[in-house]
Structures are given as C-alpha cells and as structure tokens.
C-alpha cells in the first residue's frame, strides 16, 4: 500500500520527498518507540537530519540554506510524520520562526542569527502563545517597552517549541496600546542566554513526547533596539502571513499521521481471524477502511491544491485554513477508526497505532485551533 505516492507532488519536490522518505525509514521510524517511552529530546536524529540536508533548509541559499519551497517542506512533513510525529515535530521546529527573520529582518540580523540556523550551527524557536491566551493573537500580554537603546521584555510564553534548547527565539510582544489592537504587536529576536530569560520544559505530554515545549518567563529581559524585526507594530501581520505557510505544512503533519493509521489498520485486519473468517472479509471492516481512504485522499488532494494557492499568494489565508482543518481532522478520524479495528490491542503502548492515535490529537490544536480555522474559512470565502 503506497499512500504518500508522488503523483500529486510537483516534479521539483519529488527528489526532496525521496530523500525524506529514505531518512525517515533509516532514522525516524526505528527510534520512534524509544523516544516516546523515554521522552528524551532526539538530538542524534536531529543532527542526522541536519547532515542529510533536511532541517532548516527552506532558508535561502544566500544565507546558507537550500531554499526549499513550500511544496518541498510539505513533502518532508508528510514523510516525517508518517514515520513518527514526535521526532517529526522536532525536525520541523529547529528553524521555527526563522522564516520571519528572513522575510522581514535586516541584513545584519540575517547574518548574525539566520545563517547559523541554515548552516545547522544553531536552532531557534517562535514564542507567541501565552498561558491564558490561546489563539487570540491580538490579546497577548507579554510587553516590550523601549528604554534608551534597549527593549525591556516582561511576561511569559507557553507551549514554545525549543524554548529550552534554542539559541534564540523570535518573540511576539506587545509594544503599543492603540485602538487598532492588531497594530500593537512587534517581533523581537531574543537570545536564550539573555539575563531575564528563564525557560523550563512544561510537564510531560501524552503525545509527541520527542518534541519539547517550554514555559518561558521574561523578567526585565533586555535586548538591543536593533533586535526589532521589521518595523514596530507589524508583528500581527507578520504572523498572519507566516501562519498561512505554516498551516499548509501542518496539513502535511495530518496527512502523514493519517497514512500511518491506515497502514496500521490495513496490516492488522489482513491475516487476523474472528468467527472463522479473516477480519478483512467483514463488510463493516471494509467500509471502515474505505472511509479512511476517502478521508485521506480528499484531504491530500485539498492540501496540495492549497499549497499551490498559498505559494502563489492567491487567497492564502482561506486555503491554508481549509488545508490545515481538513488534513488534521482526517488524521483524527483515521486514527479513531484504526483504534476500533485493532480492538483491545489498540490500547497497548507497544502498538504503533496507540502512538498515532495520541499524536493525531495535537495538530488540530497547534498553529491555530481548528475552530479558529473555521472562523477564517467562513469570513474569507466570499
């Protein structure tokens, strides 16, 4: 069964897709159970991904990367998440937020911060979410006030990938108090060794345990004024554009998970008997497998079409929301059906399907919860 076949993938992305598949088979899948059980950070796999040219390589060639396109990153995401979502997320987060610096940062910022990430000498993160604010980007409360030639940051962030491990994080802060609540936010580069930056891992998660998220506290954390990315007050709009691309890739997370669920279900029901017959001979089982395939194929077709739209900046927010919602929910639906088909064995931690089921619950939440995506779909479909 070949679910992530390349016919829907543009020709220019097929070589990278093959590289990602080979890497996932050699480095990700064999280590998935170990890292789920230990909850450790998969440094060795991350470093192997760097050596393979699959980490942080959407950064342009002029700054040390490969300049991979949105379609190529989507292809990598599908393959990585099919092998394991926790390790896959670690690979994807190693440069999370660096794209904002590439798009809006100064040349000095790009040389000092972006190039080391592209050359795999540093990793980064994006600090947006807060403990009490969820998806309300215009309601975040972490502040940055200008004092002389410095920005002084106070507040806290939560669910921040690599908040402990990163060398620097692009941080979303409130810098104004105007009536236009969307114009009150800016982006700052914050090195993680800055005094006043304190981060600790959040309590262990039920899923994606190989990826680490942090609770960050900023207490009189001071960075130079030149660490402002772009112009003051443009942070919300920078994030909106960044998340359009990110949601296409998160759709790929869902597609990889859905493929893994279908594979596990198909393998389990073929060759296992009940009531004197192979389980796959029961019509109810066949219908479940058919529904899973329908969910997956419709989501994948939409996701790759949406990638074209976002890459062309053609109603990007609308198409990104469609893709993220459909693909991540297809993963949940496929994982739930696969669990049911596995029966009692589905709850055993040694079963891959139990990890897929847990992991599938996460992408419907991150990069903007799916209820928020439905708001965007409704408001932008005119």
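The values are calculated or read from the model by the stated rules, or taken from the named source; none is laboratory data. Just so we're clear, the structure is a prediction, and the values are computed from it rather than from any experiment. Counting neighbours? That spans all protein chains shown, and the Cβs are built from the backbone with ideal geometry, glycine included.
Structure values in brief
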{"item": "Out of 226, 204, 217, sole residue that is surrounded by fewer than 19 Cβ atoms within 10 Å (Cβ to Cβ), part of a strand (DSSP E or B), touching a residue at least 12 places away in the same chain (Cβ under 8 Å) and at negative phi", "result": "217"}
{"item": "Whichever residue in region 229-240 is assigned to a helix (DSSP H, G or I) and buried (at least 18 other Cβ atoms within 10 Å of the Cβ) and, among such residues, is nearest to the chain's Cα centre (by Cα)", "result": "239"}
{"item": "Verdict on residue 171 being surrounded by fewer than 24 Cβ atoms within 10 Å (Cβ to Cβ), within 25 Å of the chain's Cα centre (by Cα) and closer than 25 Å to residue 122 by Cβ", "result": "no"}
{"item": "Residue match in region 57-65 (condition: modelled with pLDDT of 95 or more, surrounded by fewer than 23 Cβ atoms within 10 Å (Cβ to Cβ) and within 22 Å of residue 163 (Cα to Cα))", "result": "yes"}
{"item": "Within region 337-371, tally of residues that are at positive phi and part of a loop (DSSP other than H, G, I, E, B)", "result": "2"}
{"item": "Residue ranges of strands (runs of 3 or more DSSP E) in region 79-183 with at least 2 members in contact with a strand residue (DSSP E or B) (Cβ under 8 Å, 6 or more places away or on another chain) and over 24 Å from residue 360 (Cα atoms)", "result": "143-147, 150-161, 168-174"}
{"item": "Within region 333-363, considering residues that are without any contact (Cβ under 8 Å) to a residue 40 or more places away in the chain and within 22 Å of residue 300 (Cβ to Cβ), the one farthest from the chain's Cα centre (by Cα)", "result": "339"}
